[in-house]
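Q: Structure in structure tokens, see below.
The values are calculated or read from the model by the stated rules, or taken from the named source; none is laboratory data. These numbers come from a predicted model, not from an experiment. Cβ: placed from backbone, ideal geometry, glycine included. Neighbour counts: every protein chain shown.
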Amino acid sequence: MSLYEIAQNQWRHAAKLMELEPWITTILSEPKNEIRVNFPAMMDDGQYRLLKGYRVQHNNILGPYKGGMRYHPQVDIDEVKALASWMAFKCALANLPLGGAKGGVEVNPKEHSESELMRITRRFAHALGENIGPDFDIPAPDVGTNAQTMVWMMDTHMNANSAHNRFAMRGVVTGKTLNCGGSLGRDKATAQGVVYTLESWAKRRDFDFDGATFVVQGFGNAGSWAARLLCEKGAKLLAASNSRGVIYNDKGIDPNALLAYLAEHRDPSGFTGAESIPDKQLWQIKADILIPAAFESQIDGGNAGDIDVKVIAEAANGPTSPAADEVLREKGIAVIPDILCNAGGVIVSYFEWVQNKNSEQWELEEVDRKLRRLITAAYDAAEDAGKRFDLGQDTRTAAYLVALERMQHAYRERGIFP
Ligand code: NAD
């Protein structure tokens, strides 16, 4: 099954259960727009390289398209379509006035200098032109992109507009630096949301974070922040990995020391606060919490049987295959699904967009308080749907039910023009 087929099956399963109106199922079955651009960018040696970029806009019944931009050599249209549909359901589940989109460039950012990445980003934003805009489609960071990438995109878009409404264009992207219109708390937002959903899960089970153990696959933005926030709550990081290696210490790994180490050495294997272990052993570590925070399709029928944790918090999008979902359910392992668990990123992106519109800068406490309220409400709504439809541990389908119900209300009231 392709990633897009997996994404389709997930929401279609919920659509069948709730008997979603057939005409709405038809509309949701394909993205509204699939944009592909081939654009040139000048390399540092003066040569030009032609790059392939994508933006897929899945659905905008609830508001402007919203979703990240990924820079990775394996970015392709199938992956971007899957990620765009997940964004549409994520925004609906979080009750945001936003639709869903995703984009990316087929490029390895590690192979390019800062100046090359700037020119690639500016040409990509220019090639997308009016396909993005603060009231139409609002990109954000994802794998391989960051706040600096977003500022280059914003600046390019602003300069392509008349001087008279230039500053109204600041909200064309979110996840920007604080100096250029970003929001406090956006850097840690995805992980903060992961922690808030884990708190909702823990509250119902008398689970104490103090002394709890956890494992993180993918010590990047989402993964490293999740590790720091959970350690602040007294939990112990047993193992962490990135694309180059896996490390383990049963006495606990200091996430701040690991981050400092990784800033200089990309491979964690030489980190003195832990031992290096083979990749597949990561999945066999007994712990309370497992956080996949790297890529899609990491937990599959092959390794799901090895997993020995109480809960999996999906910081990454699509980390668990359908076959693995079944194995985990049989083993009684709870899964907080991606569209719920990692919604903190888009929720704080939404806050950034609102702040830009109102020329405001909210305090961090306000951002965190509002994030906690929205993501906890989404968790509660999914739990309620799970009970209404008697879904047991299948929180993934429950989360889709909430999203689809909200979209159905809007479609029924608005109908189709003309
Ligand atoms: P990132 O690029 O900052 O981090 C990804 C990390 O995963 C890197 O450390 C990389 O080395 C590691 N990695 C890659 N392949 C791996 C492998 N096979 N094994 C172990 N580690 C591997 O990206 P990010 O922004 O933290 O995104 C991570 C995931 O979270 C993605 O699925 C993304 O879509 C999702 N997500 C991110 C955000 C956000 O705001 N950044 C929001 C929602 C969801």
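Let's see how each residue does on (1) surrounded by fewer than 17 Cβ atoms within 10 Å (Cβ to Cβ); (2) among the acidic types (Asp, Glu); (3) in contact with a strand residue (DSSP E or B) (Cβ under 6 Å, 6 or more places away or on another chain); (4) more than 16 Å from residue 290 (Cβ to Cβ):
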residue	(1), (2), (3), (4)
223	no, no, yes, no
227	no, no, yes, no
232	yes, yes, no, yes
235	no, no, yes, no
240	no, no, yes, no
246	no, no, yes, no
251	yes, no, no, yes
257	yes, no, no, yes
260	yes, no, no, yes
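Q: Quickly run through region 165-183 and pick out the residues that are in contact with a His (Cβ under 9 Å, 6 or more places away or on another chain) and part of a loop (DSSP other than H, G, I, E, B).
A: Within region 165-183, 173 is the sole residue that qualifies.
Okay, residues lined up against (1) within 16 Å of the ligand (Cβ to nearest atom); (2) in a helix (DSSP H, G or I); (3) free of Cβ contacts under 8 Å to residues at least 12 places away in the same chain:
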| site | (1), (2), (3) |
| --- | --- |
| 185 | yes, no, no |
| 194 | yes, yes, no |
| 200 | no, yes, no |
| 206 | no, no, yes |
| 211 | no, no, no |
| 223 | yes, yes, no |
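Q: Additional query: Only residues that are part of a loop (DSSP other than H, G, I, E, B) and more than 22 Å from the chain's Cα centre (by Cα): list them for region 121-162, please.
A: Going residue by residue through region 121-162, those that are part of a loop (DSSP other than H, G, I, E, B) are 132, 134-136, 142-146, 160-162.
Answer for region 121-162, where residues must be part of a loop (DSSP other than H, G, I, E, B) and more than 22 Å from the chain's Cα centre (by Cα): 160, 161, 162.
Q: Scan region 164-181 and report the pairs whose first residue is under 13 Å from residue 146 (Cβ atoms) and at pLDDT 95 or above and whose second residue is surrounded by fewer than 23 Cβ atoms within 10 Å (Cβ to Cβ) and among the β-branched types (Val, Ile, Thr), with Cβ atoms within less than 9 Å and a gap of 6+ or a chain change.
A: So the pair list comes out as 173/151; 176/151; 177/151; 180/151.
Q: Restricting attention to region 328-365, which residues are in contact (Cβ under 8 Å) with a residue 60 or more places away in the chain, assigned to a loop (DSSP other than H, G, I, E, B) and polar (S, T, N, Q)?
A: 342, 361
Residues checked against (1) within 16 Å of the ligand (Cβ to nearest atom); (2) under 17 Å from residue 180 (Cα atoms); (3) surrounded by fewer than 21 Cβ atoms within 10 Å (Cβ to Cβ); (4) over 18 Å from the mean Cα position of the chain (by Cα):
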position: 339; (1), (2), (3), (4): yes, no, no, no
position: 343; (1), (2), (3), (4): yes, no, no, no
position: 348; (1), (2), (3), (4): yes, yes, no, no
position: 352; (1), (2), (3), (4): yes, yes, no, no
position: 362; (1), (2), (3), (4): no, yes, yes, yes
position: 365; (1), (2), (3), (4): no, no, yes, yes
position: 390; (1), (2), (3), (4): no, no, yes, yes
position: 400; (1), (2), (3), (4): no, no, no, no
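Q: Please work out if residue 187 is within 14 Å of residue 342 (Cα to Cα) and surrounded by fewer than 24 Cβ atoms within 10 Å (Cβ to Cβ). First the steps, then the outcome.
A: Values: within 14 Å of residue 342 (Cα to Cα): yes; surrounded by fewer than 24 Cβ atoms within 10 Å (Cβ to Cβ): yes.
The answer is yes for residue 187.
Q: Given the residues 316, 263, 287, which is the only one that is touching a residue at least 40 places away in the same chain (Cβ under 8 Å), within 14 Å of the ligand (Cβ to nearest atom) and small (Gly, Ala, Ser)?
A: Numbers: 263 fails: touching a residue at least 40 places away in the same chain (Cβ under 8 Å); 287 fails: within 14 Å of the ligand (Cβ to nearest atom).
Testing whether each residue is touching a residue at least 40 places away in the same chain (Cβ under 8 Å), within 14 Å of the ligand (Cβ to nearest atom) and small (Gly, Ala, Ser) leaves just 316.
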